[in-house]
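Have a look at the structure below, then the notes.
Each value in this text was obtained by applying a stated rule to the coordinates, not by laboratory testing. Only a predicted model underlies this, so the values are computations on that prediction, with no experimental measurement involved. Cβ sites come from the backbone with ideal geometry, for glycine too, and all protein chains shown count toward neighbours.
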Amino acid sequence: MLINEELSNEMAIKPVSTKADNLPFRIVIKTPDHLPPHAHVLDLKTGKIDIYQFLLKENSPKAPADIKDYKGTLSDEQKQLICDWANRRNRKFPKFTNWELLLANWLPNEGW
C-alpha cells in the first residue's frame, strides 16, 4: 500500500524548472491541487521537500516584491532567481516564457 501512495504522490508533481535552469531549487506544480493558484518550490537534493509556495498571477514577476508568499518565505535574492527564470524563454518550448508554461501547467487544477 505504501508503494502505491508514494507512486501516486510522485505522479502528482509536475516539474516546470529543469536542472539546466541552474536554480538552487525545483519549481513545480502539484496536481490535483487547491485554489488559489500557486507553485511549489522544492529542495534540490531530494526534489520532494516543499520549502516554499508562491501565488501565481497573470503577469510574470519583474522584481522580488512581485512574488507573493503563499506558504513560507524566501530571501529577495532567491525571489530574484525566480523572477529571472520566469521571464526567460523555456528551453523546450522557446515560444513561451517559463512563467507562461507555469500558468499553463496550473490550468488543469481549475476544475478541482
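A few remarks follow.
- Residue match in region 97-107 (condition: in contact with a helix residue (DSSP H, G or I) (Cβ under 8 Å, 6 or more places away or on another chain), surrounded by 15 or more Cβ atoms within 10 Å (Cβ to Cβ) and farther than 14 Å from residue 37 by Cβ): yes
- For region 12-29, the set of residues classified as closer than 14 Å to residue 53 by Cα and more than 8 Å from the chain's Cα centre (by Cα) consists of 13, 25, listed by residue number.
- Scanning region 7-55 for residues that are under 15 Å from residue 84 (Cα atoms), buried (at least 16 other Cβ atoms within 10 Å of the Cβ) and either among the polar types (S, T, N, Q) or in contact with a Pro (Cβ under 7 Å, 6 or more places away or on another chain) (or both) yields a total of 2.
- Number of residues in region 75-100 that are within 20 Å of residue 24 (Cβ to Cβ), assigned to a helix (DSSP H, G or I) and of a type outside the set (Lys, Arg) equals 13.
- Looking across region 66-81, just one residue is exposed (fewer than 15 other Cβ atoms within 10 Å of the Cβ), among the hydroxyl-bearing types (Ser, Thr, Tyr) and touching a residue at least 12 places away in the same chain (Cβ under 8 Å), and that is 73.
- Flag for residue 45 being within 24 Å of residue 107 (Cβ to Cβ) and of a type outside the set (A, V, I, L, M): no
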